[in-house]
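Just below is one structure, and these are the notes that go with it.
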Amino acid sequence: MISQLKILGLWWSISTSESVDTNGNLGEMRSTKLQIALSPSMAVAQQGEVLLHEIFEAIVCQLGIKLEHSKLQALSASLHQVMVDNAEAFSAISANEMPIVQLPLLTSIPTSLP
């Protein structure tokens, strides 16, 4: 398991905690301690999505964004699915090995729309 992540310039510790289970959650973001705690009893298949959700929670907290929890959940679950479905592309992006888009060079600036 990952033990630390840098989120917006700050190092957050990642750990499992039985107290997460006590609250009925699969994960918790503890902003004052820069900690993300995950339930040790969740299925392996859930870990990536829950971790990504807690990362979103940390980002929203650090930026002071007001976002309904249901919207945050939808965004994190959707991005997780995109990342799983396109693992090779995300691996290349994180390794700075993949040009996102190859655009043809413009030889002149268009003056009107087609």
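Descriptive notes on the structure:
- Helix 69-85 vs. the chain, principal-axis angle (Cα, 0 to 90°, nearest 10): 60
- Trypsin sites (Lys or Arg not before Pro) restricted to DSSP loop in segment 8-94 with at most 10 other C-beta within 10 Å: LYS66
- C-alpha long axis of helix 44-63 to longest principal axis of the chain, angle in °: 80
- Sequence-distant lysines (8 or more away, or on other chains) whose Cα lies within less than 20 Å of LYS33: LYS6
- Legend: calculated FRET efficiency, GLU18 to ALA95, from the Cβ-Cβ distance at R0 = 30 Å, rounded to 0.05, equals 0.25.
- Ranked by the mean number of other Cβ atoms within 10 Å of their residues, highest first, the peptides 3-10, 54-61 fall in the order 54-61, 3-10.
- The label-point distance for SER41 and VAL84, in a model that sets each label 7 Å from Cα toward Cβ, rounds to 2.2 nm.
Every number here is computed from the coordinates shown, using simple stated rules; none is lab data. Everything numeric in this text was worked out from a predicted model, so none of it was measured. Neighbour counts run over all protein chains shown; Cβ positions are idealised from the backbone, glycine included.
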